[in-house]
Amino acid sequence: MELWDLASMFWAMKGVTGGDGKQMTVPIGNANVPTRSDGVAVKWDPVKSKQLFAQLKKDEKVTVS
């Protein structure tokens, strides 16, 4: 990352911390699915997560819950 990129990111994040930002969680499918050796993993719901990221990418209103 170059200094200009860092400065640009700083100014973008400054607007989010002003209270106008929103947070959300990616919809999950089967929670607590055992993995090979890592214990437990949380998997995203494949359909809803794809819809969520598409809406975010297009700067649309998020309708996924």
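The values are calculated or read from the model by the stated rules, or taken from the named source; none is laboratory data. Please read all numbers here as calculations on a predicted model, not as lab measurements. Reconstructed Cβ throughout: ideal geometry from the backbone, glycine too, with neighbour counts over all protein chains shown.
Listing for the model above:
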quantity	calculated
Set D59, D5: member being at pLDDT 65 or above, assigned to a loop (DSSP other than H, G, I, E, B) and out of contact with any His (no Cβ under 6 Å at 6 or more places or on another chain)	D59
Meets criteria (loosely packed, with under 10 Cβ neighbours inside 10 Å, polar (S, T, N, Q), at pLDDT 80 or above and within 17 Å of the chain's Cα centre (by Cα)) for S49	no
Given (1) of a type outside the set (A, V, I, L, M); (2) at pLDDT 80 or above; (3) out of contact with any helix residue (DSSP H, G or I) (no Cβ under 8 Å at 6 or more places or on another chain), index of the condition P27 fails	(3)
